[in-house]
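Working notes for the structure below.
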Amino acid sequence: MSTLDPAIAARLKRNEAGLFSAVAQERATGDVLMVAWMDDEALARTLETRKGTYFSRSRNEYWVKGETSGHTQYVHEVRLDCDGDTVLLIVDQEGAACHTGTHTCFDSDLLLARP
């Protein structure tokens, strides 16, 4: 079990389940790859290992991105937003980031584009 620095933990705002959102952005392209959930433990593991580690609400367990698929995330930076309820991970993505097999979870449904 990893322990999150108390100074970081004090700044986090969690939902009723103790979770906060995590956005993964590709370092090379700036593409937003995915959104997932973390808790203190997942963030501590990510900071310690530089591997994107998240909390699965459906399975009620931690998962390291790419552990089974091989589509890994090497984390270069982690930033906390101004409200303390979201972290931004700047990553190198190996393979698809989306569970559907696409590069990003945001490439299928364009709802609005520049005129």
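Could you please let me know if GLU67 is assigned to a loop (DSSP other than H, G, I, E, B) and either modelled with pLDDT of 95 or more or among the basic types (Lys, Arg) (or both)?
Judged against the criteria, GLU67 is not a match.
Taking HIS76 as the residue in question, decide whether it is surrounded by 16 or more Cβ atoms within 10 Å (Cβ to Cβ) and not in a helix (DSSP H, G or I).
no
Return yes when LEU12 is surrounded by 14 or more Cβ atoms within 10 Å (Cβ to Cβ) and either in contact (Cβ under 8 Å) with a residue 60 or more places away in the chain or acidic (Asp, Glu) (or both) and no when it is not.
Against the criterion (surrounded by 14 or more Cβ atoms within 10 Å (Cβ to Cβ) and either in contact (Cβ under 8 Å) with a residue 60 or more places away in the chain or acidic (Asp, Glu) (or both)), LEU12 qualifies.
Yes/no matrix, rows are residues, columns are (1) surrounded by 16 or more Cβ atoms within 10 Å (Cβ to Cβ); (2) touching a residue at least 24 places away in the same chain (Cβ under 8 Å); (3) of a type outside the set (Ser, Thr, Tyr):
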{"residue": "TYR54", "(1), (2), (3)": "yes, yes, no"}
{"residue": "ARG59", "(1), (2), (3)": "no, no, yes"}
{"residue": "LYS65", "(1), (2), (3)": "yes, yes, yes"}
{"residue": "CYS82", "(1), (2), (3)": "no, no, yes"}
{"residue": "ALA96", "(1), (2), (3)": "yes, yes, yes"}
{"residue": "SER108", "(1), (2), (3)": "no, no, no"}
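Applying the selection to the range 13-61, what residues are touching a Ser or Thr at 6+ places or on another chain (Cβ under 6 Å), among the hydroxyl-bearing types (Ser, Thr, Tyr) and in a strand (DSSP E or B)?
Scanning the range 13-61 gives SER21, THR53.
Restricting attention to the range 15-26, and to residues there that are over 13 Å from the mean Cα position of the chain (by Cα) and not acidic (Asp, Glu), which single residue is surrounded by the most Cβ atoms within 10 Å (Cβ to Cβ)?
Across the range 15-26, the extreme among qualifying residues is GLY18.
Do we have LEU89 as in a helix (DSSP H, G or I) and in contact (Cβ under 8 Å) with a residue 12 or more places away in the chain here?
No.
The values are calculated or read from the model by the stated rules, or taken from the named source; none is laboratory data. As the structure is a prediction and not an experimental result, all values here were calculated from the model. All Cβ positions, glycine included, derive from the backbone under ideal geometry; neighbour counts span all protein chains shown.
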